[in-house]
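Each remark here refers to the structure printed beneath this line.
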Amino acid sequence: MTIGTDILRPDQILTPDQVARGMTGDAGVVTTTVEKAVNWARSNAVWPALFGLACCAIEMMHTQASRQDLSRFGMEVMRASPRQSDMIIVAGRLSRKMAPVIRRIYDQMPEPKWVISMGDCASCGGVFNNYALVQGVDEIIPVDVYVPGCPPRPEALIQGILKLHEKIQAEKLDGWRDRAPQDDRA
Ligand code: SF4
């Protein structure tokens, strides 16, 4: 690549890590890998499914509102269709009657997809240790991030979302295939 008649020297081409440290290249060229670029795009445009189960969902709605503003993470649109979602926040206690429903919603979401378990009830049943409630949503669907609390404050949910971003950015390009159910594999 040339600018005018000059050929770029290697020290004029920056890696993303150097850019993150504040370095600027003379020629404004940044190199990266497809994997890093794809993971960056995926992690900054996660579309959550519109789904709430109990009191934790109120905090999730607060997180989505203007004071917290999830749109800065590219998450301002909660999708009403699982087919347009790649993340689900399980916000609240999950009854056994509701378990097949959440499994169906999860199965209808396209890969790659991620799950946040929000609150003690979703993660382990919370104070409801009884026959009517699932004692942890990970009995039904795989969970990527657990957010503790009863209910977790919006800041805690945002921390969980940032943890999910870190996880997505460290994924292999087709790493989601390893955890996909057998019949979903290409
Ligand atoms: S963790 Fe607390 S706030 Fe959340 S669903 Fe359970 S009881 Fe409600």
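Just so you know, all these numbers are worked out from the coordinates, no wet-lab data involved. Computed from a predicted model, the values in this text were never measured in an experiment. Here the Cβ is made from the backbone with ideal geometry for all residues, glycine too, and neighbour counts use every protein chain on show.
Candidate cross-link partners of LYS163 among the lysines, defined by an alpha-carbon separation under 25 Å and a same-chain spacing of 8 or more, comprise LYS36, LYS113, LYS172.
Taking GluC sites (Glu not before Pro) across the range 30-130, the ones in a DSSP loop with at most 16 further Cβ atoms lying within 10 angstrom of their Cβ are GLU76.
Scanning residues 5 or more positions from LEU133 or on other chains, those with amide H under 5 Å from its amide H are ARG96, with H placed 1.01 Å from N in the peptide plane. Scanning residues 5 or more positions from MET87 or on other chains, those with amide H under 5 Å from its amide H are TRP47, ALA49, TRP114, with H placed 1.01 Å from N in the peptide plane. Qualifying chymotrypsin sites (Phe, Trp or Tyr not before Pro) in the range 44-109, where qualification requires a DSSP coil assignment and no more than 14 other C-beta atoms within 10 Å, are lacking entirely.
Once C-alpha pairs closer than 8 Å and six or more residues apart are averaged by separation and normalised to the residue number of the range 9-118, the relative contact order reads 25 percent.
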